[in-house]
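The structure under discussion appears below in the form of structure tokens.
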Amino acid sequence: MHDLSTIMDEMEHALNTNNFLRLTALEDLHKNENGDPFKILIGTILSSRTRDENTTKALIKLFKRYKGAKDISKANPDDIKKEISSVGFYNVKAIRIKEVAEIIEKKFHGLVPDSEEELLKLPGVGRKTANCVLVYAFQKSAIPVDTHVHRISNRLSLVNTKTAQETEKELNNYVDKKHWITLNSTFVRYGQNICLPINPKCRYCNLKKICKYYHTENEKKKNIPN
Ligand code: SF4
């Protein structure tokens, strides 16, 4: 196992020195909306299988029309669909976010719960979304594992897993709690800008020595006949 502090420092250094400075949609939300838990919850639901810029676009349109949970709980799903049409699966997501808004209004008096247990009971909220809300809205220690965190953790042999759920479990055991809150944001920015799913930009990366993926790919290239 490698020291995660050093790994995250190397990632931040590579992002900064190569001018990959754009924030993720969730970091953006956290910064611009003062960590508004309802907007972060809805933003995380909208972000699934969607590019960050399209999530941000949908959120801006949605909250321009509706002020918060109360308004969305009373909205017509067809009108919600129009506002969020830039995200993937917007038909299903429109219905989900209306249901979530109704529950937040009725059961929690308009306030998003700050416990994993209650968050997981909301429709369309899985572990990743619940953990994102805990980290980005409430600054509670959790490790949201999305596709970037899962891929990079395996490439760097921090874990050896097949699913995001297994990765979360292994990272929870392995990573010191002081890193939990920042791990997602560093890994997601690294995954969006340098350690891409296909053709990662390894030339910018100082983690080649410890990267299983990098060595495997190099070996494959050596074995290609001329
Ligand atoms: S060496 Fe390449 S594949 Fe490995 S962590 Fe760095 S960018 Fe990702």
Requested in this report: Express the relative contact order of the chain as a whole percentage, based on alpha carbon pairs under 8 Å and six or more residues apart in sequence.
Outcome: 22
Query raised in the report: Of all the Cα-Cα pairs you can form in the stretch 36-136, what percent are over 21 Å apart?
Result: 23
Query raised in the report: How do 92, 175, 87, 133 rank when sorted from fewest to most other Cβ atoms within 10 Å of their own Cβ?
Result: 92, 175, 87, 133
Query raised in the report: Stretch residue 165-residue 215 to full length: gain in nm at 0.36 nm per residue minus the Cα-Cα span?
Result: 15.4 nm
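Which of 39/98; 162/222; 39/169; 162/220; 64/121 have a Cα-Cα distance over 24 Å?
Check vs 24 Å cut-off fails for 162/222; 39/169; 64/121.
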Requested in this report: Quote the FRET efficiency, to the nearest 0.05, computed for residue 117 versus residue 181 with a Förster distance R0 of 22 Å and r equal to the Cβ-Cβ distance.
Outcome: 0.70
Requested in this report: Evaluate the charge dipole of the stretch 36-136 about its Cα centre and quote only its size in Debye, nearest 20, assuming +1 on the Cβ of each Lys and Arg and -1 on the Cβ of each Asp and Glu.
Outcome: 340
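Among 205, 132, what is the fewest-to-most ranking by other Cβ atoms within 10 Å?
Details: 205 18, 132 26.
The order, fewest Cβ neighbours first, is 205, 132.
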Report task. Note down the net charge around residue 35, summing +1 for each Lys or Arg and -1 for each Asp or Glu among other residues with Cβ under 14 Å from its Cβ. Result -> -2
Query raised in the report: Given the pairs 140/212; 57/107; 178/212; 128/209; 31/140, which are separated by over 24 angstrom at their Cα positions?
Result: 140/212; 57/107; 178/212; 128/209
Query - Stretchable slack from residue 70 to residue 22, in nm (0.36 nm times residue separation minus alpha-carbon distance) - result: 14.1 nm
Query raised in the report: To the nearest µm²/s, what D does Stokes-Einstein give for the chain at 4 °C and 1.567 mPa s, using the Kirkwood radius over alpha carbon pairs as Rh?
Result: 70
Report task. Subtract the Cα-Cα distance of residue 157 and residue 82 from 0.36 nm times their separation in residues, and report this length gain in nm to one decimal. Result -> 22.7 nm
Query raised in the report: Once the Cα atoms of the stretch 69-108 are picked out, what are the Rg and Dmax in Å?
Result: 9.8, 30
Report task. Express in whole angstrom the spacing between the alpha-carbon centres of the stretch 93-149 and the stretch 1-36. Result -> 22
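Computed from the coordinates by the stated procedures, all read-outs in this text should not be read as laboratory data. What you are looking at is a predicted structure, and each value in this text was computed from that prediction instead of being measured. Virtual Cβ from ideal backbone geometry, glycine too; neighbours counted across all protein chains shown.
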